[in-house]
Amino acid sequence: EDLTPTPSSAAGGHTFISGRHVSIFPNAELLPDSKYWLHVSSEGVFKDLTGNPTMPFSTGSTWRIRTMGSGTRDLRPPEVVYAGRIVWQAPLAQGYLYFTEEVRAG
């Protein structure tokens, strides 16, 4: 897929856009026990393929994350939040899984 890197004002981070998916990587450590959400204050930060701009928006009431407190142990297991492009070709399956947090094998 085509990944379009764009500058992000979030402390010099970067953003990748691929179709309907936007990945934002701030270049700053998130503070413990803090809430974060996406706030876009300008029209046209994103545009569709014909050039129609998005209006300013904030996800503060619909989507936000909260970081854990300093010294707090994470006791919640990761959860699958999205499974896409799953192709079954016995005996194998191929596709994408997105989790609520970073995961590793084993």
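So, of the residues in segment 61-77 that are closer than 20 Å to Ile24 by Cα and part of a loop (DSSP other than H, G, I, E, B), which turns out to be least open to solvent (accessible area, probe 1.4 Å)? Reasoning before the result, please.
Going through segment 61-77, the residues closer than 20 Å to Ile24 by Cα turn out to be 61-68.
Restricting the remaining residues to those that are part of a loop (DSSP other than H, G, I, E, B) gives 61-64, 67-68.
Working: Ser61: 107, Thr62: 116, Trp63: 136, Arg64: 126, Thr67: 28, Met68: 81 Å².
That would be Thr67.
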Q. Are any residues in segment 30-59 of a type in the set (A, V, I, L, M, F, W, C), in a loop (DSSP other than H, G, I, E, B) and either closer than 20 Å to Ser18 by Cα or at pLDDT 90 or above (or both), and if so, which ones?
A. Leu38, Val45, Phe46, Leu49, Met55
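The values are calculated or read from the model by the stated rules, or taken from the named source; none is laboratory data. These numbers were taken from a predicted model, which means no experiment stands behind them. Calculation scope for accessible area: heavy atoms of the full protein, side chains included, ligands and nucleic acids excluded. Shrake-Rupley method; radii C 1.70, N 1.55, O 1.52, S 1.80 Å.
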